[in-house]
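Enquirer: Submitted below is the structure of interest, expressed as structure tokens.
Just so it is clear, none of the values below were taken in a lab; they were calculated from the coordinates. Here the structure is a predicted model, which is why all the values come from computation and not from measurement. A quick note on method: Cβ atoms are made from the backbone with ideal geometry, for glycine too, and the neighbour counts reach across all protein chains shown.
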Amino acid sequence: MPADNEDKGLNRRKLLGTTAAAGAAGLAGGAALSPFVGAVPDAEAQTRPQTQARSQAAQPGRQSSEVRPGELDEYYVFFSSGQSGEVRIYGLPSMRELIRVPVFNRDSATGWGQTNESLKVLTEGLTPESRDHLASIGRQTYDAGDLHHPHLSFTDGTYDGRYLFVNDKLNTRVARIRLDVMRCDKIIQLPNQATVHGLRVQKYPRTGYVFCNGEDRVPIPNDGRDLDKPENYRSIYTAVDGDTMKVAWQVIVDGNLDNTDADYQGKYSFATCYNSEGAVNLAGMMANEQDWVVIFNLKRIEDAVRRKDYREIGGVPVLDGTKGSKLTRYVPVPNSPHGINTAPDGIHVVANGKLSPTVTVFDVRKFDDLFDDKIQPRDTVVAEPELGLGPLHTAYDGKGNAFTTLFIDSQVVKWNIEAARRAFKGEKVNPIIQKLDVHYQPGHNHTSMGQTKEADGKWLISLNKFSKDRFLNVGPLKPENDQLIDISGDRMVLVHDGPSYAEPHDATIVHRSKINPVDTWKRDDAFFQDAVKRAQADGVDLMTDSKVIRDGNKVRVYMTSSAPQYGLEEFQVKQGDEVTVTVTNIDDVADLCHGFAIINYGISMEIQPQATASVTFRAERPGVYWYFCTWFCHAMHMEMKGRMLVEAR
Ligand code: CUK
Ligand code: CUA
């Protein structure tokens, strides 16, 4: 019988003391800069409230991660993948990976980043400056991204199953994934700002806005002016219209923006800010004792946009929300806050301390008075409990409790919001209910439906940045560890370790009743309408015709695919031709996917049931090149092939 995770952790922490210290140094840049880092975690741990040790097995009725063969999971989990640039969809509680959705990455299996349909999505929303830059280095788009925050569209405070929105910290982009086909259909690059880090959506009345934090400060426009004049650098907060995927407005703020969230009333959004110092190096960014949370008044911003009280820069309205503006308020919080999370009660918002062992709790009902200058910024703070070292993100169970990750302590702490409020008023109550060791160094955590008003308090996942010894050793690069925790009882119980590849930052757990994907594409789907129009202009019916159309040195090859055959067994082109191959999967069967790949041409794409996919390339290499199906579709799948004959010039 395993000992209580928590008690074991105390010993383990002694053993791993160097790790905790290294983590602290990494965060704080040395103990001298941050006094709390000097506190010995062990000493602190001994004063923690300890309750009866119990293993999972000793608690009948607790939830299990087991989903038996043939059974379905109860929840979808949408994981980001950081520098991998894609979205990964898991089932919960099994924590089985179900599928991946390529977004900012180049994906070999689907042809994302190579097909004309994906390239349209990847290029149409780039800024003119980026398009020029990419063209100057012979490229159409980026093939890398850093995807941190996956958030579903809302209607009336809960998920509506339409879209998933994600950010790209690398190339300042926001993408939208359609949840009916689980495919990215829009990507927009934001002008004026440098990176999109925090991304959350409007919860009420609907999405609505997608809020995007510009993290780094740069000159506007960033065209070579003010290179080494950081005092002229600016940070930008953007609201993208989730329906049109166009920038609705931008607000200039003070400080680097980290994470963001919105209220349940549709009145305010807010962001954590670090580097209020406006510094350009680590020591400078941590110099001040306090940074701030900036609150955005959506109605005032919309009114200002209506009055045209803005400057148009980079084709979008840019408003001034720096200190003293009517559009924003700045609430001081301890140095370098990180995550910010609205509770499902619609009242509380928690900003997580990171360099401070505290979290700061706001009451959104006080924001009206703050904007009307009836109260001071700090009057909106109703609690500030000290939770442990390195608080990064907070999740909720919908029953008044919060779960905060402690990066340096490698723990999740469960605490009660109301108790924290009472303690803040001076009552002798300890808001901390339990601390659970996680393995190791957690960043985001997330509860089932926990970012909606329908938080159900059943599951918590902790996305841990280090796995160390928890899995078979796979060399110097270790997986991360996404741990599943049962929160349905009074105490958290760890039930599953899940390795994951670089580097999920965040996840959203959605009850399966909210998501209704299709099995086959509709033939009038917008995603491949360019191909349909091209075919119509060539007099080709994609569902029945397989034809080669020559148009000068452009050759358009149309073929159907139906297991186990392409509509064309061969086609001939001339060296130097620009060839567009358009394949339509006419099989009307769930799960019957075909592929199209050309040997030694580096071409590979998939075609889902009832979909059309196309790829354009230059036939620069004479000879015989077999094309073949890449998705195992039939007993004769190996024979599903044909020849591209390239005649020498
Ligand atoms: S951030 Cu990664 S752990 Cu980009 Cu949401 Cu907090
Ligand atoms: Cu078609 Cu394999």
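Enquirer: I'd like to know which of 449, 78, 112 lies farthest towards the positive end of the charge dipole of the chain, counting +1 on Cβ of Lys and Arg and -1 on Cβ of Asp and Glu.
Expert: Of the listed residues, the answer is 449.
Enquirer: Roughly how many debye, to the nearest 20, is the charge dipole of segment 441-554 about its Cα centre, given +1 on each Lys and Arg Cβ, -1 on each Asp and Glu Cβ, and no other charges? Intermediate results must be reported in sequence, preceding the final value.
Expert: Values: 16 positive and 18 negative charges, 30 e Å.
The calculated dipole for segment 441-554 is roughly 140 debye.
Enquirer: At each listed q (0.11 Å⁻¹), what is the log10 of I(q)/I(0) that the Debye formula gives for segment 438-521 modelled as equal alpha-carbon point scatterers?
Expert: Rounded to two decimals, the profile gives -0.36.
Enquirer: Residue by residue, what Karplus-based ³J(HN,Hα) values in Hz, rounded to whole numbers, does segment 385-395 have, using 6.51, -1.76 and 1.60 with θ = phi - 60° and x for Gly and Pro?
Expert: For segment 385-395, the Karplus-derived couplings read x, 8, 10, x, 8, x, x, 10, 9, 10, 10 Hz, x marking Gly and Pro.
Enquirer: Here's something else I'd like to know. Can you show me the helix-derived [θ] at 222 nm for the chain, built from DSSP H runs with n ≥ 4 at -39,500 (n - 2.57) apiece and divided by the number of residues, rounded to the nearest 500. Could the numbers behind the result be given before it?
Expert: On the way: 10 runs with 82 residues, N = 649.
Roughly -3500 deg cm²/dmol at 222 nm, from the helical runs in the chain.
Enquirer: Where Lys and Arg each count +1 and Asp and Glu each count -1, what net charge lies around residue 399 among other residues with Cβ under 12 Å from its Cβ?
Expert: On the way: positive: 414, 458; negative: 345, 397, 418, 456, 490.
Here the charged neighbours net out to -3.
Enquirer: Before anything else, pin down the relative contact order of segment 509-568: Cα pairs under 8 Å, at least 6 apart, normalised by residue count, whole percent. List each step's numbers first, then the result.
Expert: Numbers: 42 pairs, mean separation 11.8, N = 60.
Result for segment 509-568 is 20 percent.
Enquirer: For segment 83-132, what's the relative contact order in percent, using C-alpha pairs closer than 8 Å and at least 6 residues apart? Let's see the in-between values first.
Expert: Working: 46 pairs, mean separation 11.3, N = 50.
Relative contact order comes out at 23 percent.
Enquirer: Amide H of residue 393 versus every other amide H placed in the peptide plane: which residues, excluding those fewer than 5 positions away on the same chain, fall under 5 Å?
Expert: Hits under the 5 Å cutoff: 405.
Enquirer: Past the 19 Å Cα-Cα mark, which pairs from 323/374; 169/453; 354/435? If you can, show how the numbers build up before the last one.
Expert: Working: 323/374 17 Å; 169/453 28 Å; 354/435 17 Å.
Violating the 19 Å limit, Cα to Cα: 169/453.
Enquirer: With θ taken as phi - 60° and the coefficients 6.51, -1.76 and 1.60, list the Karplus ³J(HN,Hα) couplings across segment 453-460 in order, rounded to whole Hz; mark glycine and proline as x.
Expert: Here the 3J(HN,Hα) series is 6, 9, 3, 10, x, 9, 10, 9 Hz.
Enquirer: Give me the number: length gained by fully extending residue 518 to residue 422, i.e. 0.36 nm times residue separation minus the C-alpha to C-alpha distance, one decimal in nm.
Expert: On the way: separation 96, 0.36 × 96 = 34.56 nm, distance 4.92 nm.
Extending this stretch completely gives an extra 29.6 nm.
Enquirer: Quick check for me: using +1 on Lys/Arg Cβ and -1 on Asp/Glu Cβ, what's the dipole size of segment 536-647 about its Cα centre, in debye to the nearest 20? Don't jump to the answer; show the numbers that get you there.
Expert: Working: 9 positive and 15 negative charges, 80 e Å.
Dipole size: approximately 380 debye.
Enquirer: What span do the alpha-carbon atoms of the chain cover on each of the three principal axes, reported in whole Å from largest to smallest?
Expert: 83, 64, 43
Enquirer: Quick one: which residues, 5 or more positions from residue 500 or on another chain, have an amide H under 5 Å from its amide H? H modelled 1.01 Å from N in the peptide plane, none for Pro or chain starts.
Expert: 480, 481, 482
Enquirer: Now, a different point. Taking only C-alpha pairs under 8 Å that are 6+ residues apart, what is the relative contact order of the chain in percent? Walk me through the numbers before you get to the answer.
Expert: Values: 1724 pairs, mean separation 65.5, N = 649.
In percent, rounded to a whole number, it is 10.
Enquirer: Residue 577's amide H: which non-local residues (gap 5+, or another chain) put their own amide H closer than 5 Å, with H modeled 1.01 Å from N in plane and none for Pro or chain starts?
Expert: 619
Enquirer: Rounding to the nearest 20 debye, state how big the charge dipole of segment 82-238 is about its Cα centre with +1 on each Lys and Arg Cβ and -1 on each Asp and Glu Cβ.
Expert: For segment 82-238, the charge dipole is close to 380 debye.
Enquirer: Pop out the ³J(HN,Hα) list for segment 518-528 in order, Karplus 6.51 cos²θ - 1.76 cosθ + 1.60 with θ = phi - 60°, rounded to Hz; leave Gly and Pro as x.
Expert: Calculated HN-Hα couplings, in order: 8, 9, 9, 6, 8, 5, 9, 4, 4, 4, 10 Hz.
Enquirer: Mind sorting 354, 428 by how few other Cβ atoms lie within 10 Å of their own Cβ, fewest first? The partial results should precede the final answer.
Expert: Details: 354 27, 428 6.
Lowest count first: 428, 354.
Enquirer: I've got another one for you. Along the charge dipole of the chain, which of 257, 187, 619 sits closest to the positive end, that is, farthest toward it, with unit charges on the beta carbon of Lys, Arg, Asp and Glu (+1, +1, -1, -1)?
Expert: 257
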